[in-house]
1. I need a count of the residues in region 216-253 that are within 15 Å of ligand 2 (Cβ to nearest atom) and among the aliphatic types (A, V, I, L, M).
2. Quick test for you: out of Glu183, Glu258, Glu240, Glu161, pick the one residue that is under 21 Å from the mean Cα position of the chain (by Cα) and among the acidic types (Asp, Glu).
3. Looking at Ala122, is it touching a residue at least 24 places away in the same chain (Cβ under 8 Å), touching an Asp or Glu at 6+ places or on another chain (Cβ under 7 Å) and crowded, with 17+ Cβ neighbours inside 10 Å?
4. Just one of (1) in a strand (DSSP E or B); (2) closer than 27 Å to Ile305 by Cα; (3) not small (Gly, Ala, Ser) trips up Thr93, so point out which.
5. Look at Gly220 and say whether it is closer than 16 Å to Arg98 by Cα, in a strand (DSSP E or B) and within 16 Å of ligand 1 (Cβ to nearest atom).
6. Looking only at region 194-215, decide whether some residue is out of contact with any helix residue (DSSP H, G or I) (no Cβ under 9 Å at 6 or more places or on another chain), under 29 Å from Phe403 (Cβ atoms), at pLDDT below 95 and not in a strand (DSSP E or B).
7. So for region 91-101 (the condition being basic (Lys, Arg), surrounded by 22 or more Cβ atoms within 10 Å (Cβ to Cβ) and on the phi < 0 side of the Ramachandran plot), does at least one residue qualify?
8. Just to be sure I understand, how many residues within region 179-201 are small (Gly, Ala, Ser) and within 16 Å of ligand 1 (Cβ to nearest atom)?
Amino acid sequence: MKVLVIGSGGREHAIVDALTRSPQVGKIFCAPGNAGIARQAECVAIGETDTERLRDFALEQGIGLTVVGPEVALAAGVVDTFRAAGLRIFGPTKAAARIESSKEFAKELMAKYAVPTAGFRAFTDYAAARDYVAGRPFPAVLKYDGLAAGKGVVIAQTMEEADAALRDMLLDDRFGAGKVVVEDFLEGPEFSFMCFVSDRRVWPMVLAQDHKRAYDGDRGPNTGGMGAYSPLPFITPEDEKFALEHILQPVADALAAEGCPFRGVLYGGLMKTAQGIKVIEFNARFGDPETEVVLPRLKSDIVDIFCAVAEGRDARLEWHDFATLGIVLASEGYPGAYEKGHEIKGLDAVSGSVYHMGTKADGGRVLTAGGRVLFVVGRGATLAEAREKALADVARIDCDNLFHRTDIGHWALDDFAGHK
Ligand code: AMP
Ligand code: GLY
């Protein structure tokens, strides 16, 4: 079978890598891909939101399965376009992907179906939002619901901070017209629970945890994720069962009941609070960088799973027992301004896996081409061993413009006592 993967980051590299392990896969294409993906697939110069050209390419090449990585492609309706042309594609429709693309849609669905999450209210009016926030405890959680998705969450410690954020979001034109969702502040360790969902069928993946802050000790600005690992010793089998039965399954059922059945990866961004497990956010796709530590642990043939999800059939998932831990190498300055075009050496000296997040080939050389550049994954019998191996591989990579965190996995390895 010919397979097309849409996207260009570490997540898509991990998907391509998993596909190479399937005996059913003949040729793999990736649009647009990157320098690392090009070692395992043929990269095609079509943008990830260019849905019609992607469809035409799939039709011309006789692609048997397309797998969508990024949310922008889902929001652009790539799944709807492919399905209308009779093509098999793994991912939710635009309507089902609203569970990620609209915070208000997600919050209202959770309220209607009694899925545990932070209490919330939505506002479009600045004065009403300010008065509401002023009458509540701090910190205040303010989430912009609109086109600024991604940079739209502010945890304000004071009324001054909250007021500045509300002005930005509702009065200034910087974000465009939109709403603000004001949420209760929750506390506890966060974790990522990704499930394959095919209408009302839900198959859980192993758990992972992302590290959003740029620097060691969870300090510095928020990023797209600086590292991840799996499994998570502080989440018990009972926690997992609760999350499946009270969060992921009910949401899959709710989306089906609301007329937008979900087929793809439903990602629960969850928090283990003193009052139980609650939803922070949903994503309608594989997490990045969680996928890069979760898919290496998948023992089953991923093509069987992708096809079963796309066609609404049953499948079985089997997992390896080993632990995985991955570290992001990011360009100096990220998540702010950074330079591109620095040469990376030593990639062939690593013993584990390296997934490329933002690289470009230049003749025989590999150059940095993004904020997050590489993701180095170690695997071991324990998380401690996986971290040692990942750090040893990071040291083998030679580039003058990359930085990384040294404490990935600290919730499990160093502070475990605090997060039972
Ligand atoms: P989101 O984009 O919704 O995932 O929010 C980004 C980050 O903000 C999350 O990963 C949390 O660390 C934090 N956050 C979001 N919502 C809450 C909340 N209700 N209480 C505490 N922290 C939150
Ligand atoms: N790792 C968080 C995300 O994929 O959105």
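The values are calculated or read from the model by the stated rules, or taken from the named source; none is laboratory data. Predicted, not measured: the structure shown is a model, and the values here were computed from it. Note that we place each Cβ from the backbone using ideal geometry, even for glycine, and neighbour counts take in every protein chain shown. Just the protein is used for accessible areas: all its heavy atoms, side chains included, with ligands, DNA and RNA removed. Shrake-Rupley method; radii C 1.70, N 1.55, O 1.52, S 1.80 Å.
1. Total meeting the criteria: 3.
2. Going through Glu183, Glu258, Glu240, Glu161 in turn, the sole match is Glu240.
3. Considered against the rule, which asks whether it is touching a residue at least 24 places away in the same chain (Cβ under 8 Å), touching an Asp or Glu at 6+ places or on another chain (Cβ under 7 Å) and crowded, with 17+ Cβ neighbours inside 10 Å, Ala122 comes out as no.
4. (1)
5. In short, no.
6. no
7. Checked region 91-101: at least one residue is basic (Lys, Arg), surrounded by 22 or more Cβ atoms within 10 Å (Cβ to Cβ) and on the phi < 0 side of the Ramachandran plot.
8. Adding up the residues that qualify gives 2.
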